[in-house]
Amino acid sequence: MDVFIASKRNRRGRRFCFVRYGRLEEAKRALWSLDGRWFSNHRLTVSMAKFIPRDDLWRKANGREIRQHT
């Protein structure tokens with residue numbers, strides 16, 4: 001498991017972090033067991049990450065995609 005705790009806040013002014021699990025089953029178990037729980041006077045909101053790729057970082061060459069390093 002890897003954890004990244006951001007030092008900034010999201011658009012709503014809330015703190016956030018990312019947790020990466022080794023298996024999907026572990027992530028689902030954490031989601032169901034932690035969402036809505038209280039931790040140190042804060043209600044936890046847990047959800048799966050939503051990944052939207054940025055088209056400007058990818059280009060196609062010879063029918064295959066290549067990531068551009070910017």
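Computed from the coordinates by the stated procedures, all read-outs in this text should not be read as laboratory data. Please read these numbers as outputs of a predicted model, since none were measured by experiment. Every residue, glycine among them, receives a Cβ derived from its backbone with ideal geometry; neighbour counts consider all protein chains shown.
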(request) Using +1 at the Cβ of each Lys and Arg and -1 at the Cβ of each Asp and Glu in the stretch 1-45, identify which of 19, 38, 3 lies farthest towards the dipole's positive end. (result) 38
(request) Over the alpha-carbon set of the stretch 1-46, divide Rg by the Kirkwood Rh and report the Rg/Rh ratio to two decimals. (result) 0.99
